[in-house]
Amino acid sequence: MLNGLRRRFARDRSANVAIIFALAMVPTIYLLGMALDYTKALRKQSQLDAAADAAAIAAVRPAMLTETNITDVKATAAAVFAAKANMPGLTAVPTPVITVTDSGLQRTITVSYTAQSINNFPSVLGSPSWQVKGAATAQASSAPNMNFYLLLDDSPSMAIAATQDDIDLLTAKTAKQPGGSKNCAFACHEVHPNLDSGASASTQDNLSIARANNVTLRIDLVSNAVKQLLVGPWSCPQASVSGGVMQCMSAINNTTYKAAIYSFDYNLNTIQTLTTPSTAGTQISKIQLMTVDHQNCVTTAICNTDFGTDIAGALSGVNKIMPDPGTGTNQSKDTPQEVIFLVTDGVEDKLIAKTDTCDSKATYPLPAAGSQVRCQQPLNTAICKTIKDRKIKIAILYTEYLQLNDSWYNSRIAQFNKPSSLTGSIATQLQSCASPGLYATVQNGGDISAALTNLFLKVASNTASLVQ
C-alpha cells in the first residue's frame, strides 16, 4: 500500500507550475533589476556625455583659443563639466581627464570621464554601482592676428559711372564736351581740361560734371565699401562694439587686426600705413581718382598716351613694404598673418620697356621711336606667385570690366573679355592671382560694400566643432 502511494505521488504533476514559477523568479528578478539599473546607467552616461561635449566646446571658444596658459584652459573645461555633471544618481561627481594639444593655430581638447551610477538593486547585482565612461573631443583653429593691406584701384577706369542709369546720365551730360571727353561715361579728373582739343577756358572736366549731376562713380562705391569695413555702420552681434566689420570680427574672434590703405594707378600711393582699423578709417576721404593733366596727358610731360594702371607694379610695391608673415598666434615672438585686399577691374594700362613682354593679344600699336611702349593687358600673375610664395594671402575683389560698345573697347579690350567678363582672361588671371577661396566678383551696379565685406569674412571667420 505504501508503495502504491509513493508511485501515485511520483506520477502527480498538478503543482509543477507553482514550483517552476518559484524557481524562475530568481533569474527574472535578477534580469529585471539588471535591466533597470543598466537603463539608468545609460541615461547617466548620456547626460555625462553632454557635459563632456559642453566642456570641450567651452575650451575652444574664440576667447579661450587666445589663452596660452594650458592650466587655465583645463580649469575652464573642468568647471563646465562639473557644473553639468553634478546630478543625482552618481556616487560622486566625476573628475574629468582633460588633454590639450596645440598645433599652430589649431587646438584639440579631449575631455574623458569615468563615473559610477548608483544601482537600485545592489544586492541583486552584487555591486552598489555600475561603471559608465565616455569622452568628447573638440577642435578649432583660432582666428589669427592679421594685418590687412587694402590695395585700391584709383585709375581712370574706376571713374566709370556706377550703374547703367548713371552711365546714361553722364553720357548725356557730357554731350557738349570737347574731343575725347564728349559723350563719355568716364568721369576723368583733369587739371587742365581747357587744353583739350576744341576746349575753351571755361571747360569743365568730366568729374566736375559728374559731381554737379550727382552721378555715382565706381570709385565712390569702393570708398563706401572701405568705410563699411573700417568705420561702419555695421550691425555687430557682439554687444557694445562700435565701428565697422573689422572691429566687429576682431571682438568676436578676440583677435587683433590692423589695416593699411594704398591706392594705385601708374604709381603706388600711400594713403595710410599700417595702424588700427579706426585710425585707418579716418583717411578714407583721401581715396580719390587719379588726376591727369588733360586728355591724353597723364602728366604735363607725358602726352599722347593714357596709361594709368599698373596692377603688377602696385602688388610689387606693397610686397616690398610687407614683412614676412607669422602664424598669427599670441605666442611669444610670433607675428600676425599678412593679407593683401586687391580691388580692381583687372586691366593693366602701363608703359613698359620695348624689351619687355606685353600680352600676345594686346593690339595697341607700338611707337616707332622711344624706349617705352604702352601695354594694355590682363594682370600678369608672376608677381602674385612671388607674394604667395612668401605665405602672404591675396584676396581679390574683381569689379568686372564692362563690355562697352565704344571703338576703343572693341579694338583694345574686348579680346580679353570673351566669352564674358566673368570667364574671359581678365577674370581668370585675377582668380589665378588670388589665394584659394579668396576671389570674388561684383558687376557694375552691384553691391561692392557687401562683396568686400563677404570677402573679408571669408578670411576672418572661425568656427569650433566636435570631432567625436
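Where a number appears in this text, it was derived from the coordinates with a stated rule and is not lab data. It should be emphasised that the depicted structure is a prediction, and the values quoted were computed from it without experimental measurement. In this analysis, Cβ positions are derived from the backbone assuming ideal geometry, glycine residues included, and neighbour counts consider all displayed protein chains.
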To the nearest 0.05, what FRET efficiency results for ALA201 and SER46 with a Förster distance of 60 Å applied to their C-beta separation? 0.10
Would you mind ranking THR327, THR299 so that the residue whose beta carbon has the fewest other beta carbons within 10 Å leads the list? THR299, THR327
How are the C-alpha pair distances of the chain spread across 20 Å bins, as whole percents from the shortest bin up? 20, 37, 20, 13, 7, 3, 1, 0
Mean residue ellipticity at 222 nm from the helices of the chain, using -39,500 (n - 2.57) per DSSP H segment of n ≥ 4 over the full residue count, to the nearest 500 deg cm²/dmol? -10500 deg cm²/dmol
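How would you rank LEU90, LEU152, going from fewest to most other Cβ atoms within 10 Å of each one's own Cβ?
LEU90, LEU152
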Please sort 192-205, 133-146 by packing, taking for each peptide the average over its residues of neighbouring beta carbons within 10 angstrom, highest first. 133-146, 192-205
Order 407-415, 214-222, 46-54, 269-277 from most to least packed using the mean count of other Cβ atoms within 10 Å. 214-222, 46-54, 269-277, 407-415
What FRET efficiency do you get for SER360 and THR163 if R0 is 22 Å and r is their Cβ-Cβ distance, rounded to the nearest 0.05? 0.05
Which pairs, out of LYS133/LYS458; LYS74/LYS333; LYS320/LYS418; LYS227/LYS320; LYS44/LYS74; LYS182/LYS227, put more than 29 Å between their alpha-carbon atoms? LYS133/LYS458; LYS320/LYS418; LYS182/LYS227
Dividing the mean separation of Cα pairs under 8 Å (6+ apart) by the residue count of the chain yields a relative contact order in percent of 15 percent
List the cysteines in the chain whose Cβ has no other cysteine Cβ under 4.7 Å from it. CYS184, CYS188
What does the extension gain come out to for ALA353 and HIS192, with contour length at 0.36 nm per residue minus their alpha carbon separation? 55.1 nm
Where does helix 70-85 land angle-wise versus the long Cα axis of the chain, in degrees 0 to 90, nearest 10? 50 degrees
Give the cross-link partners of LYS391 among the aspartates and glutamates, using a straight C-alpha distance below 15 Å as the criterion and excluding same-chain residues fewer than 8 apart. ASP324, ASP334, GLU338
Taking 30 Å as R0, compute the FRET efficiency from the Cβ-Cβ separation of CYS303 and ASN213 and round it to 0.05. 0.55
Once both label points are put 7 Å beyond Cα along the C-beta direction, the THR95-SER112 separation in nm becomes 1.7 nm
